[in-house]
1. For the stretch A:721-757, give me the residue count where each residue is among the hydroxyl-bearing types (Ser, Thr, Tyr) and within 14 Å of another protein chain (Cβ to nearest Cβ).
2. Quick check on this structure: which one of B:Val220, B:Val199 is under 23 Å from B:Ile147 (Cα atoms) and assigned to a strand (DSSP E or B)?
3. Which residue is nearest to the other protein chains (Cβ to nearest Cβ), if the candidates are limited to the stretch A:676-691 and must be acidic (Asp, Glu) and surrounded by 14 or more Cβ atoms within 10 Å (Cβ to Cβ)?
4. Suppose the filter is of a type in the set (A, V, I, L, M) and under 15 Å from A:Gly710 (Cβ atoms); does A:Met640 pass it?
5. Is it fair to say B:Leu225 is farther than 22 Å from A:Arg740 by Cα, more than 14 Å from chain A (Cβ to nearest Cβ) and either buried (at least 24 other Cβ atoms within 10 Å of the Cβ) or under 22 Å from the mean Cα position of the chain (by Cα) (or both)?
6. Quick one: would you say B:Ile239 is in contact (Cβ under 8 Å) with a residue 24 or more places away in the chain, outside the structural domain of B:Thr130 (by TED's automatic domain parsing) and under 18 Å from the mean Cα position of the chain (by Cα)?
7. Restricting attention to the stretch A:387-394, does a residue exist that is under 25 Å from the mean Cα position of the chain (by Cα), part of a helix (DSSP H, G or I) and buried (at least 17 other Cβ atoms within 10 Å of the Cβ)?
8. Name every residue in the stretch B:173-197 that is buried (at least 16 other Cβ atoms within 10 Å of the Cβ) and away from chain A (no Cβ under 14 Å), in order of residue number.
Amino acid sequence: MSVAYQVVGKPMPRTDAQSKVLGQAQYTDDLSLPRMLFVKVLRSPHPHARIRAIKTSAAQKQPGIVAVLTAKDIPGENSMGPIIKDQQILCADLVRYAGDAVALVAGETEQAAEVALERIEVDYEELPFVFDPLKALEPDAPVAHEGGNIGTHMKVRRGDIEAGFGQAAAVVEARFITPRVEHAYIEPEVALVSLDAQGDVSVWSSTQYAHLDREEVARMLALPQSRVRVRQMVTGGGFGGKLNPHAQCYAALVAWKTGRPAKVHYHRDESLIASYKAHPYVIDMKLGADREGRLTAIDARLVGNTGAYLCQGRAVITKSVTHVSGVYYIPNIKADAYAVHTNTVPCGAMRGYGVPQVAFALESLIDELADRLGLEPLELRMRNALDTTLPNATGQIMPASIPVKEMLARAKTSVESLRPLLKETPPGRKRGIGVGCSSRGIGSIRKASRSTAVVSLHPDGSATVACGHVDLGQGSDTMMAQVAAEELGLDVDRVRVITNDTAISPDCESTSASRVTYLSGNAVRFAAAKIKTRVLDLAAREFDCAADEVKMRNGAVAHREQGLSLAALFGKNTMHIITEVAEHLPATTPPDPETGQGKPAGTYNFNVHIALVEVDEGTGKVETLKYLAMGDVGKMLNPMVVEGQMHGGMMMGMGFALSEEVKIDCGVANSTFATYLIPTACDVPRELIVDVIEDAEPTGPFGAKGFSEGSLDPVGATMANAVSNAIGVRVTQLPMTGERIHQLLRRRGEAVLKAVN
Amino acid sequence: MRFELLQPKNLSEALEMKKAYGERAKVLAGGTDLLVLLKDRKLKAEAVMSLRRLRELNFIRVEDGKGVRLGALVTHGDAAASPIIQGRFPDLAEACSQVGAVQIQNLATVGGNLCNASPAADAAPPLLLTDALLTLASATGERAVPIQDFFLGPRQTVLRADEILKDIFIPEVPGRRGATYLKLGRRQAMEIAIVGVGVAIHLNGSDQQIADCRIAMGSVAPIPLRARRGEQVLRSQTIKDELIEEAAEVAAEEASPISDVRGSRSYRLDMIRVLCRRAAREALARAQRKKQEGSK
């Protein structure tokens, strides 16, 4: 099926690129209102404590202080959370991690608020605490969260696990450990809130989900949602970390109590200490295959440290466990996943959402198994790869757009081309090649995901798209404009996309789970198509022809020698605008809570990555010489956006693989970018190649589907396999810092010495 | 945060101000350390004295037959790019080019790096390899302090409250000297050293005969320091690989590293050995190349 499109599939710069490059883009912190107050948050210094009393009078008396607020000042509900609302906006009686919010200070200046913060006296009764999720599972462990430390237990059950391992000729198992990871968006959390004369609340914020800002602010203030309007400002990245509107709630509470505009902006250390992280996992996994290299069974126990609050933990754990078998068909599966509470910074959504951790464990064991069976790692993968006939871990069969085998075949060629470079290894170095694969269901797994779009065609041949999936910098607004422009026969610059205003844009749920292209792309396309049908019908009546004989292009309709501008056509029909609404709700079935079986995603994205690494035997440092990221995206709506996303995801994954690890002493120990190390431009692989496989998704807009998390998913796995291949020892813990690899090399050296003696 | 901003127009004005303010005025050169400390409230300053207008302290100059003098306000970027430094003290150029990233190197000064007195200061080990003298100036006069006597502890130096570091004098080392500085970080830029090691080797005519050897280490003790016993292993010896190994072992024994977020004590000790061996071999090769170049 090859259709020539005018707009989609063409590389074009993002509509926001120029304003950002010129420094003209308006971020929330660029806004300032007359009489605006600055809000600072007092946070718990203890990982677990009871609040006996809070004395605010000394702080209140400080110069320039307008208000000091605590939980008792909240007029509505004191709870928040993107999915599970188990975190108090301001802690009333208990703090559960060092960083939990206790009080707010509103000052005429930020400095005044900072000084007053230190004058608030909180009487804490310190309680026993637990940081380690495995210790938290022990019977006598301190209780980090009411209801017990097991926040969630999700399962996958299929086939007969005993029989499966019984058929296996080789079985491998290991424990894998992954780090707690920070999103490290370039713009920390920020919100500005003001009240108008009617007492309605306006919020300007950096957010992934403007409508959740609205919902939470309204609930906290006991207001109807219709009285809160949120405008997402240009947002400097989210990656899952800007779903829960804590900063928005703090600013809103101050604005509500004082009647003055209020701004909250976190400094980097506050963002690192208090805001959500990616779950660290401890994974025990066992994998078996028969003599022919067919996988027979997998047994996995996934323990995710969800921290003090469950907010998103259940959904992340569900994503992990339903993706436990990756891109492979495994007939017998037993997997148990737990979100475990500890007294640490809460973990929530982050690009990957539980998949990179599982992919690291599974792909590592696939390599181990290949070694046992005497097969090439890619050959073992090929023998078990999903196709249109085989179900994934949830029992779902994808009838189309599942090019795993094609990708693996391409990977084989690439690996062959890299092999000669292994012979050029300099002295003192070790080189290795690694492959990693991943699969990802697009959209929420635990429930169906719906998107709604409103498209309006104006008589001057321009169009407005209103849709609630905010753009965080990934380029979705540009792609939505392309979709509408294609359908309506317009140039992209005639289409304005408004996703950032709750008064205009319908709630589509959050920008998350790689869902925007697939869900909103369809909703926008369907709405635009409805408009097109109406216009063509009107034109057909004018031209006295069939609707399918009318062409619509550049704000005009034509049939043979007859033509009319849209303005003229609209005028003849007393129309000022044509507006249509459409929705997209993929037919899905959430996973069964006891078996994990269902049909949880409308479509899946697949990735195969290859790395050639060089390890310094002296220092343990890993250098990536070549990296190939192969991604399946359905059809590309905008190749420039696709390439940018894949570069970004791949480098984000490189941080997870090599250097990033949030450490806990009492609270977050490394709370600066000098101690929490994300990759720099100098850490990009010497050669980074992006390869896109286009295999149209029949249910996607113009064949497209989501892929943005997928570009991160297999990076940890790929790098671990490459490093393990280089040093001859299996890596089971990320990140692979020089020190960790040095330890593995030393242990290997000692083992070799022992064997010789 | 409020403070008085002092902006002297020349050195003598700066020294008068420093005399008047003493400890109360913090000196601002590139600002890459000071401003971070002030912002984080780790340092309180009544006054900040910016040296920005003191052009007279921004120079790199050869003093014939004696050595090279660097004004304290020379940036790491300028030092790394200077043909004078690259030609005579390539190890110093290497160190300066590994500080932070390009943006930091454009602002941060070599003098500031020394006065900040971080155990990890990259500029310190290469200077410790020489008999560098620091000129400390005050309104009442100047004194020259050998670099090895300058550091007292983390963020502590012998600088008096009324003094400013004026310049750094590096004596010319004639003959066949090779030197290098190796820095180990966890990523390729914007990183503080886990361990930094500089080695200088001076050959005595023959390619195999070491006249002098110097080893300096950063991030392994409260101050950047020389590994004097390690040096002794190689000094006046005929070069042998086992001796280099031994020197590295001894150097590690002289260090007292801590465990922190960048690396554990045991990793640091191992890395001193690794970097020391590598730096010694490279310094030796550089010294040996000098003859070949000279004999052409």
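1. Number of matching residues: 1.
2. Values: B:Val220 fails: assigned to a strand (DSSP E or B).
That would be B:Val199, the only listed residue that is under 23 Å from B:Ile147 (Cα atoms) and assigned to a strand (DSSP E or B).
3. At the first step, the residues of the stretch A:676-691 found to be acidic (Asp, Glu) are A:683, A:687, A:691.
Within this subset, residues satisfying the condition of being surrounded by 14 or more Cβ atoms within 10 Å (Cβ to Cβ) are A:683, A:691.
Working: A:Asp683: 5, A:Asp691: 25 Å.
Filtering the stretch A:676-691 for residues that are acidic (Asp, Glu) and surrounded by 14 or more Cβ atoms within 10 Å (Cβ to Cβ), the one nearest to the other protein chains (Cβ to nearest Cβ) comes out as A:Asp683.
4. No: the conditions fail for A:Met640.
5. Working: farther than 22 Å from A:Arg740 by Cα: yes; more than 14 Å from chain A (Cβ to nearest Cβ): yes; either buried (at least 24 other Cβ atoms within 10 Å of the Cβ) or under 22 Å from the mean Cα position of the chain (by Cα) (or both): yes.
Considered against the rule, which asks whether it is farther than 22 Å from A:Arg740 by Cα, more than 14 Å from chain A (Cβ to nearest Cβ) and either buried (at least 24 other Cβ atoms within 10 Å of the Cβ) or under 22 Å from the mean Cα position of the chain (by Cα) (or both), B:Leu225 comes out as yes.
6. It is false that B:Ile239 is in contact (Cβ under 8 Å) with a residue 24 or more places away in the chain, outside the structural domain of B:Thr130 (by TED's automatic domain parsing) and under 18 Å from the mean Cα position of the chain (by Cα).
7. The answer is no, given that none of the residues of the stretch A:387-394 is under 25 Å from the mean Cα position of the chain (by Cα), part of a helix (DSSP H, G or I) and buried (at least 17 other Cβ atoms within 10 Å of the Cβ).
8. B:Val173, B:Arg176, B:Arg177, B:Gly178, B:Ala179, B:Thr180, B:Tyr181
The values are calculated or read from the model by the stated rules, or taken from the named source; none is laboratory data. This is a predicted model, so every value here is computed, not measured. All Cβ positions, even for glycine, are placed from backbone atoms using ideal geometry, and neighbour counts span all protein chains on display.
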